[in-house]
1. Filter segment 114-134 for residues that are out of contact with any Lys or Arg (no Cβ under 9 Å at 6 or more places or on another chain) and closer than 30 Å to Trp187 by Cβ; which is surrounded by the fewest Cβ atoms within 10 Å (Cβ to Cβ)?
2. So is Tyr119 part of a strand (DSSP E or B) and in contact with a helix residue (DSSP H, G or I) (Cβ under 9 Å, 6 or more places away or on another chain) or not?
3. Just checking, which of Ser94, Ser173, Ser138 is touching a helix residue (DSSP H, G or I) at 6+ places or on another chain (Cβ under 7 Å) and crowded, with 18+ Cβ neighbours inside 10 Å?
4. Step by step: first the residues of segment 28-84, then only those that are at pLDDT below 95 and small (Gly, Ala, Ser), then the one that is surrounded by the fewest Cβ atoms within 10 Å (Cβ to Cβ). Which residue is that?
5. With the requirement that a residue be over 14 Å from Asp118 (Cα atoms) and within 17 Å of the chain's Cα centre (by Cα), what does segment 91-101 give you?
6. Which one of these is within 15 Å of Tyr86 (Cβ to Cβ), aliphatic (A, V, I, L, M) and not in a strand (DSSP E or B): Leu208, Leu189, Leu180?
7. Could you grab the pairs with beta carbons closer than 9 Å, sequence gap of 6+ or different chains, first residue in segment 39-51 and outside any strand (DSSP E or B), second one of a type in the set (Ser, Thr, Tyr) and surrounded by 12 or more Cβ atoms within 10 Å (Cβ to Cβ)?
8. Report, by residue number, each residue of segment 122-150 that is assigned to a strand (DSSP E or B) and either at positive phi or more than 16 Å from the chain's Cα centre (by Cα) (or both).
Amino acid sequence: MRHFLKVRLLRYILGFLFCSTLPCISNLDIVNDLNYFDDALILHEEDNILISTKEDERGRLWCISEVVLPFNKKKIISSLKNFENYNNIFKRISTCKIVSDNVVHIRLDMPYFISDRDYIVEYTMIEQKGKTIFAFDSGSHGSKPLLEKSVRLPNASGAWVLEFKSESSTKVSYIWNGELLGDFPDWALENAWKTQGQEVFVWMEDYLNKK
């Protein structure tokens, strides 16, 4: 019995040491440095929207959609901070409930026969080198109460990155973890990412035009 426990302990220690030597890129590293996507695979480059994807060292797939919107930076930030209004801005969001300060529970209405997706994330605002980063991450919230007929995305994370261009224009980069889990077929992922990367900006521009 003692020998068995020693072997298990040795395996645990070796496993820990091995994992600690692996290159580690955190979610924040990715959203802080947009140069991370310089060698990303381009999925879409039309209508002033550039959408790319890249797999990190942990095998996680990240997506980025970039565009210059004809709106003041403060106006866009104000809309992004208005969580209760998300379902009016982004048509794919069926509900967005505030759990606590800067923590929200979002449910996505998926098309056709695909089950809904939902996630709980905490938002953090960061000012860095002339950029405003509105980052979101599931962190410890990812496994909290599950909804019926919905697939939880426990690793949901990403950011909105806003760069001042002029008083009437802002470069906006939307970064997100491309994981969809559940019954979503792998072969359809790239098309889903392209659709999502375009939809968010079409809906945002339409909403801001009406304000």
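1. Ile114
2. On the way: part of a strand (DSSP E or B): yes; in contact with a helix residue (DSSP H, G or I) (Cβ under 9 Å, 6 or more places away or on another chain): yes.
So Tyr119 fits the description; yes.
3. Numbers: Ser94 fails: crowded, with 18+ Cβ neighbours inside 10 Å; Ser138 fails: touching a helix residue (DSSP H, G or I) at 6+ places or on another chain (Cβ under 7 Å).
Exactly one residue qualifies, and that residue is Ser173.
4. Gly59
5. Start the filter on segment 91-101 by keeping residues that are over 14 Å from Asp118 (Cα atoms), which leaves 91, 100-101.
Hit for segment 91-101 is Lys91, nothing else.
6. Working: Leu189 fails: within 15 Å of Tyr86 (Cβ to Cβ); Leu180 fails: within 15 Å of Tyr86 (Cβ to Cβ).
Just a single option satisfies the conditions, and that option is Leu208.
7. These pairs meet every condition: Ala40/Ser52; Ala40/Thr53.
8. Within segment 122-150, the subset assigned to a strand (DSSP E or B) is 122-128, 131-137, 150.
Matches in segment 122-150: Glu127, Gln128, Lys131, Ser150.
The values are calculated or read from the model by the stated rules, or taken from the named source; none is laboratory data. Keep in mind that what you see is a predicted model, and the values were worked out from it rather than measured. So basically every Cβ, Gly included, is an ideal-geometry build from the backbone, and we count neighbours across all protein chains shown.
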